[in-house]
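Here the structure is laid out as structure tokens; the discussion comes afterwards.
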Amino acid sequence: TEPEAHPGDEGLYVASGVLNLRVLDGSRPNWFELRPGDGFYLPAGTPHEYHNAFGEPAVVYFGVAPRWLPDERA
């Protein structure tokens with residue numbers, strides 16, 4: 001993918017294949033190789049991109065939480 005970031009936290013789980021994840025924020029190692037059964041958490045606003053360097057499809061489930069806003073009435 002092209003680099004992207006989300007206003008909410010992102011979590012993902014690799015069901016099959018191999019997914020390479022590049023984190024672009026500079027505060028941790030850049031590249032991660034994720035295999036079936038692996039999960040990964042990206043805090044809100046973390047720029048990242050996905051790569052599939054292998055000839056087989058990777059099946060990945062992910063969810064992005066909506067941006068959290070504190071309740072101003074509290």
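Being at pLDDT 95 or above and of a type outside the set (Phe, Trp, Tyr) holds for only one residue in GLY26, GLY37, GLY45, GLY8, and it is GLY37. Can you pull out every residue in region 53-74 that is outside any strand (DSSP E or B), at pLDDT 90 or above and open to solvent by 80 Å² or more (accessible area, probe 1.4 Å)? Selection gives GLU56, PRO57.
The values are calculated or read from the model by the stated rules, or taken from the named source; none is laboratory data. Everything numeric here is computed off the predicted structure, so don't read it as measured data. In case anyone asks, the SASA skips ligands and DNA or RNA and just uses the protein heavy atoms, side chains included. Shrake-Rupley method; radii C 1.70, N 1.55, O 1.52, S 1.80 Å.
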